[in-house]
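Visitor: Dumping the structure here so I can ask a few things about it.
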């Protein structure tokens, strides 16, 4: 009697498993039929139902992952593709999906892992770009440049590749090596105003004022937004090449938007001062004092303007007052009194 009691549950479990397998197969087949008809949501419902009956069948899991992908549910798709891999799915297509999904979802370590696995099953796959950019985003610039250099051989017309090489060098403050890659990127993708603008800023950092102005202007022509930062850098570029009128015109445009920007006010004042227009320079340093009466630096420079304009005693008195407010300005006074200064 006891043996009968044991056999009945075993038969029940066996029949249950068989029923579940049949149900999984039924819904899986129905999902394939709906997919063939282009009814994506219906196919998803059936694959999901099949998965609920059997989540260990790699074909079911793989089709469910594919349907998630087609529905643009990329996070769920990635998880299901990983499940399929754990169940033995090692195809190039599966690894490619895992590489691109991990990359696009900023899971860069996984992107590198699956790129290498993809290369292992299909040596002809071009994975260097993904590995290179993943290393760049991980701030591993040495490896980024290494793989991006390989990617450039695989896809020589892709402007993103030299751009990322340029960014890698720029992030390491190696502007000289960055420049040719920025220029290569622009030649391949001439309608990227942000890249052109970055190139102008790199030239500015290198004190190549002529090229800085050239590329900042070109960025504007290509459609870069004329926001405050752009206008300020454009104004500085004009001033640096000695075009005082154009530089000040641009800076005035900035000041209409940001009238109390102390940095811009100071730059305009310095531009007038360096051009020998001391009255105009004083006007702008006066504006700074209007916003901040304790701005010792502005007061000191007004004193210098008076001295340069021939009112030496008045100027010295103002400079001395500024030094009382900020003793560190004494070093500036000593510097200006040195021969040849």
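Visitor: Would you mind listing the helices (runs of 4 or more DSSP H) fully within the stretch 56-142 where at least 3 residues are closer than 27 Å to residue 38 by Cβ and free of Cβ contacts under 8 Å to residues at least 60 places away in the same chain?
Guide: Because the criterion is at least 3 residues that are closer than 27 Å to residue 38 by Cβ and free of Cβ contacts under 8 Å to residues at least 60 places away in the same chain, the helices (runs of 4 or more DSSP H) in the stretch 56-142 that meet it are 58-70, 74-86, 92-104.
Visitor: Against the condition over 25 Å from residue 258 (Cα atoms), assigned to a helix (DSSP H, G or I) and at pLDDT 95 or above, how does residue 194 come out, does it pass?
Guide: The answer is no for residue 194.
Visitor: A follow-up question, please. Please tell me if residue 110 is under 26 Å from residue 55 (Cβ atoms) and under 24 Å from the mean Cα position of the chain (by Cα).
Guide: So residue 110 fits the description; yes.
Visitor: With the structure loaded, tell me whether residue 253 is closer than 30 Å to residue 129 by Cβ and either touching a helix residue (DSSP H, G or I) at 6+ places or on another chain (Cβ under 6 Å) or surrounded by fewer than 21 Cβ atoms within 10 Å (Cβ to Cβ) (or both) or whether it fails that test.
Guide: No: the conditions fail for residue 253.
Visitor: Quick one: count up the residues across the stretch 269-283 that are within 39 Å of the chain's Cα centre (by Cα), closer than 20 Å to residue 310 by Cβ and in a helix (DSSP H, G or I).
Guide: Summing the residues that are within 39 Å of the chain's Cα centre (by Cα), closer than 20 Å to residue 310 by Cβ and in a helix (DSSP H, G or I) in the stretch 269-283 gives 5.
The values are calculated or read from the model by the stated rules, or taken from the named source; none is laboratory data. Everything numeric here is computed off the predicted structure, so don't read it as measured data. Methodologically, a virtual Cβ is constructed for each residue, glycine included, from the backbone with ideal geometry; neighbour enumeration extends over all protein chains shown.
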